[in-house]
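Novice: Take this structure first; my questions come after.
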Amino acid sequence: MDIDLIINSFPKLLTASLITLKLLLVSLIIGVFLGLFFAILRMSKNIFVKQFAYGYSYIFRGTPLLVQIFIIYFGLAQLEWLKKSVLWVILKDPYWCAIIAFSLNSGAYTSEILRSAFQTIHTSMIEAGKSLGISNKIIFYKIQIPIAIRQSLPAYGNEMILMMKGTSLASTVTLMDITGVAQKIISTTFKPIEVFIIAGSIYLFMTFCINKFIKLLEKKYNF
Amino acid sequence: MELLAFGKTGWGDELFYATLMTIAVSITSMLIGFLFALIFTPLKLSKYKFLNIFGNFYTTLIRGVPELLVIYLLFFGGSGAIMYVASIFGYFEYIEINAFLIGSFAIGIISGAYSTEVFRGAIQSIDKGQFEAAKVLGFSKFTSFYKIIFPQMLRLAIPNLSNVWQITLKDTSLISVTGLVEIMRQSRIASAFTRDPLFFYSIAGLIFLILTFLSMKLINKFEAKFMNKG
């Protein structure tokens with residue numbers, strides 16, 4: 001056990017955890033909106049809209065996240081018209097490519113979580129709203145969405161942890177997140193165990209915080 | 001389309017063999033995962049606090065740390081560890097471990113943590129009366145587990161195990177970082193060669209979609225057959 005290496009690499013990994021956190025937060029926030037959007041599409045009566053939303057979640061849940069990142073980062077750079085467009089400002093940056101891939105992936109899982117939450121809402125709640133003369137729109141925003149969000153909290157906590165682990169793939173597109181820095185230190189020092197202990201503890205600490213956060217929310221919005 | 005031709009001109013046969021490799025790694029990892037689950041599920045369910053801590057440590061660690069980090073640990077640390085063990089027995093040459101073995105082992109450890117949770121949940125949801133009835137009828141602990149608890153547990157576990165299989169199948173894409181030529185690695189080689197990453201990574205995604213689709217169909221069929229027995 002190399003204590004010096006542990007002490008030396010701790011600050012490096014800690015600063016790298018900022019990138020991991022940034023990737024995680026931004027993609028989770030975009031993912032929630034995408035998820036809500038596609039969950040609403042899934043409930044549409046139009047068969048094409050429904051199929052489109054289903055196809056989106058099926059494709060992103062059925063392929064590895066690594067494939068998705070590689071298509072966006074390496075694949076899209078090949079399209080000449082895209083390179084000339086304004087979008088290229090975003091797509092040439094590995095950071096934004098990772099965020100796009102993570103958000104789309106998280107959106108697919110979140111849409112499934114929210115969809116099943118919407119389905120578990122008892123029809124009596126909606127009927128109660130209707131009999132009180134509340135409009136459909138208000139019922140949706142004030143009754144269905146809050147209940148669905150509360151219902152999906154435990155499953156969403158798992159999704160947050162999965163996404164946190166997913167951000168490690170950003171290291172494959174040259175981003176220096178915790179895993180990226182850890183891999184660099186390992187390949188220069190050949191001491192994987194020491195580095196794994198620190199990097200692993202940082203990740204575990206983040207998992208712990210996410211768990212506590214979700215428990216807190218569950219308690220707060222208990223009914 | 002000629003990029004996908006079989007033979008020397010295209011990448012069809014290479015991708016086909018890479019797909020077989022992915023399937024082989026997935027199945028091996030799943031089996032190694034079962035071995036881990038066989039060890040750690042009893043630990044998690046044990047009466048002894050000390051053993052519980054041990055079991056919980058494994059599942060919490062693996063489910064909270066990115067797969068890629070575990071793979072790096074085993075890939076860079078694996079041969080070192082084996083060489084250390086070998087040096088105790090007086091063997092000092094460099095030992096290189098097969099990428100297939102180390103990759104399957106890494107994914108197996110990860111898949112094992114998920115399987116452990118599935119088995120633990122399944123055993124805990126079996127009615128307590130079943131354990132008591134087995135005890136009353138004078139079955140030994142061993143036979144009551146293998147003849148009464150285990151078959152029931154398997155039935156409860158199969159739907160969740162199919163999720164574990166999906167996760168394992170998708171995780172195998174990560175061991176491309178170790179150089180094992182599976183779907184992702186082969187697509188990377190092909191796209192570096194042809195400068196057409198969009199096409200080859202899309203094909204890789206398509207192959208994974210087909211694999212997950214087919215395995216779901218297969219598992220559902222198996223499940224229907226298995227469930228009817230009871």
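Every read-out reported here was derived from the displayed coordinates using simple, explicitly stated rules and does not represent laboratory data. Note that the coordinates shown come from a computational prediction; the quantities given were computed from them, not determined experimentally. For neighbour counting, all protein chains shown are included, and Cβ atoms are generated from backbone atoms with ideal geometry for every residue, glycine included.
Novice: How large is the Rg to Rh ratio of segment A:119-192 when both quantities use alpha carbon positions and Rh follows Kirkwood?
Specialist: Values: Rg = 22.5 Å, Rh = 16.0 Å.
The Rg/Rh ratio comes out at 1.41.
Novice: Okay, next question. Count the net charge of all other residues whose Cβ sits under 14 Å from the Cβ of A:Val49, scoring Lys and Arg as +1 and Asp and Glu as -1.
Specialist: On the way: positive: A:Arg42, A:Lys45, A:Lys50, A:Arg115; negative: none.
Once positives and negatives cancel, what remains is +4.
Novice: Mind checking B:51-64 for the average number of partner chain beta-carbons within 10 Å of each residue's beta-carbon? Before the final figure, lay out each step's value.
Specialist: Numbers: counts 0, 0, 0, 0, 0, 0, 0, 0, 0, 3, 5, 1, 6, 13.
Average per residue, whole number: 2.
Novice: Exposure proxy check: B:Met184, B:Met153 ranked by fewest other beta carbons within 10 Å? Can you show the working numbers first?
Specialist: Working: B:Met184 27, B:Met153 21.
In increasing order of surrounding Cβ atoms, one gets B:Met153, B:Met184.
Novice: Apply the membrane-span-like helix rule to chain B: whole DSSP H runs, Cα extent along the own long axis of at least 24 Å, mean Kyte-Doolittle hydropathy at least -1.0. List the helices found.
Specialist: Going by DSSP H runs, the hits are B:12-45, B:67-88, B:99-124, B:150-171, B:197-229.
Novice: Given charges of +1 on the Cβ of Lys and Arg and -1 on the Cβ of Asp and Glu, with all other atoms neutral, how large is the dipole of chain A about its Cα centre, in debye to the nearest 20?
Specialist: Numbers: 21 positive and 10 negative charges, 158 e Å.
Dipole size: approximately 760 debye.
Novice: Per-residue Cβ counts within 10 Å, from other chains only, averaged over B:199-208: what number is that?
Specialist: On the way: counts 2, 4, 11, 5, 1, 6, 11, 4, 2, 6.
That works out to 5 on average.
Novice: Using Cβ counts within 10 Å as a stand-in for footprinting exposure, how do B:Lys44, B:Lys135 rank, fewest first? It would help to have the intermediate numbers written out before the result.
Specialist: On the way: B:Lys44 21, B:Lys135 12.
Result, fewest neighbours first: B:Lys135, B:Lys44.
Novice: In a solvent-free Debye calculation with one equal scatterer on each Cα, what is log10 I(q)/I(0) for segment B:77-135 at q = 0.18, 0.28 Å⁻¹, listed in the order of the q values?
Specialist: -0.73, -1.04
Novice: Now for a separate question. Set the Förster distance to 41 Å, then compute FRET efficiency between B:Thr9 and A:Ile90 from the Cβ-Cβ distance, nearest 0.05.
Specialist: 0.65
Novice: Find the relative contact order for chain B and round it to a whole percent, using C-alpha pairs within less than 8 Å whose residues are 6+ positions apart.
Specialist: Numbers: 230 pairs, mean separation 58.1, N = 230.
Reported relative contact order: 25 percent.
Novice: Follow-up question, since we're still on this one. Please state the relative contact order of segment A:22-175 as a whole percent: Cα pairs under 8 Å, 6+ residues apart?
Specialist: Values: 158 pairs, mean separation 53.6, N = 154.
Dividing the mean separation by the residue count of segment A:22-175 yields 35 percent.
Novice: Let me ask something else. Let me make sure I get this right: for segment A:1-90, a, b and c are the square roots of the gyration tensor eigenvalues over alpha carbons, sorted descending. Under 1.5 in a/c it's rounded, otherwise prolate if a/b > b/c, else oblate. Which is it? Mind dumping the intermediate values first?
Specialist: Values: a/c = 2.72, a/b = 1.77, b/c = 1.53.
In terms of gyration-tensor shape, prolate.
Novice: Rounded if a/c is under 1.5, else prolate if a/b beats b/c, else oblate: with a ≥ b ≥ c from the C-alpha gyration tensor eigenvalues square-rooted, which is chain A? Working shown, then result.
Specialist: Values: a/c = 3.11, a/b = 1.56, b/c = 1.99.
Cα axes put chain A in the oblate bin.
Novice: Another one. How large is the charge dipole for segment B:31-173, taken about the Cα centre, if only the Cβ atoms of Lys, Arg (+1) and Asp, Glu (-1) carry charge, to the nearest 20 debye? Can you show the working numbers first?
Specialist: Numbers: 11 positive and 7 negative charges, 152 e Å.
Dipole size: approximately 720 debye.
Novice: Follow-up. Tally Lys and Arg at +1 and Asp and Glu at -1 over the other residues with C-beta under 12 Å from the C-beta of B:Phe76: what net charge comes out?
Specialist: On the way: positive: A:Lys184, A:Lys191; negative: A:Glu194.
Local net charge: +1.
Novice: Of B:Ser79, A:Ile149, B:Leu4, whose Cα points farthest to the positive end of the dipole of the protein assembly as shown (charges on the beta-carbon: +1 Lys, Arg; -1 Asp, Glu; origin at the Cα centre)?
Specialist: A:Ile149
Novice: Please turn the phi angles of segment A:73-79 into ³J(HN,Hα) values with the Karplus equation 6.51 cos²θ - 1.76 cosθ + 1.60 (θ = phi - 60°), one per residue in order, whole Hz, x for glycine and proline.
Specialist: Per-residue couplings from phi come out as 7, 8, x, 5, 5, 7, 7 Hz.
Novice: Could you tell me the center-to-center distance, by alpha carbons, between segment B:151-179 and segment A:31-60 in angstrom?
Specialist: If you average the Cα positions of each part, the centres end up 26 Å apart.
Novice: Now for a separate question. Considering only B:Phe75, B:Phe131, B:Phe199, give the residue with the highest GNM mean-square fluctuation for chain B, with springs between Cα atoms whenever their separation is below 10 Å.
Specialist: Taking springs between Cα atoms under 10 Å, the residue moving most is B:Phe131.
Novice: Choose one answer from A:Ser116, A:Ser131, A:Ser103: the residue with the largest mean-square fluctuation in a GNM of chain A with alpha-carbon springs under 10 Å.
Specialist: Among A:Ser116, A:Ser131, A:Ser103, the largest mean-square fluctuation in the Gaussian network model of chain A belongs to A:Ser131.
Novice: Could I ask something else about it? Kindly express, to the nearest 10 degrees and within the range 0 to 90, the angle between helix A:192-220's C-alpha long axis and the longest C-alpha principal axis of chain A.
Specialist: 20
Novice: Tell me the net charge near B:Ala37. Cut-off is 15 Å between Cβ atoms, B:Ala37 excluded, with +1 for each Lys or Arg and -1 for each Asp or Glu.
Specialist: On the way: positive: B:Lys44, B:Arg63, B:Arg120; negative: B:Glu117.
My count for the surroundings of B:Ala37 gives +2.
Novice: Please compare each pair in A:Lys215/B:Lys44; A:Lys212/B:Lys170; A:Lys22/A:Lys191; A:Lys137/A:Lys212; A:Lys45/A:Lys130 to a cut-off of 31 Å on the Cα-Cα distance and tell me which ones are over it. The partial results should precede the final answer.
Specialist: Values: A:Lys215/B:Lys44 23 Å; A:Lys212/B:Lys170 28 Å; A:Lys22/A:Lys191 28 Å; A:Lys137/A:Lys212 34 Å; A:Lys45/A:Lys130 20 Å.
Going by Cα-Cα distance, A:Lys137/A:Lys212 fall outside the 31 Å limit.
Novice: Which residue fluctuates most in the GNM of chain B (Cα springs below 10 Å): B:Glu67, B:Glu117, B:Glu93?
Specialist: So, out of B:Glu67, B:Glu117, B:Glu93, the one fluctuating most is B:Glu93.
Novice: If the only charges are +1 at each Lys and Arg Cβ and -1 at each Asp and Glu Cβ, what is the size of the charge dipole of segment B:155-230 around the Cα centre, to the nearest 20 debye? Each step should come with its number before you reach the end.
Specialist: Details: 9 positive and 4 negative charges, 57 e Å.
Its charge dipole is roughly 280 debye.
Novice: From the residues B:Gly64, B:Tyr146, B:Phe40, which one has its Cα farthest along the dipole of segment B:31-167 in the positive direction, the dipole being from +1 and -1 charges on Cβ of Lys/Arg and Asp/Glu about the Cα centre?
Specialist: Going by the Cα projections, it comes out as B:Tyr146.
Novice: Next question. How large is the Rg to Rh ratio of segment B:2-229 when both quantities use alpha carbon positions and Rh follows Kirkwood? Intermediate results must be reported in sequence, preceding the final value.
Specialist: Numbers: Rg = 21.1 Å, Rh = 19.9 Å.
Reported Rg/Rh (Cα atoms, Kirkwood Rh): 1.06.
Novice: Please state the shape class of the protein assembly as shown: rounded when a/c is under 1.5, otherwise prolate if a/b exceeds b/c and oblate if not, all from the C-alpha gyration tensor. Mind showing how you got there, number by number?
Specialist: Working: a/c = 1.41, a/b = 1.05, b/c = 1.35.
Judged from the Cα gyration tensor, the protein assembly as shown comes out rounded (a/c under 1.5).
Novice: Separate question: Using a 10 Å cut-off around each Cβ, can you sort A:Asp177, B:Asp196 from fewest to most neighbouring Cβ atoms?
Specialist: Ranking A:Asp177, B:Asp196 by Cβ neighbours within 10 Å, fewest first, gives B:Asp196, A:Asp177.
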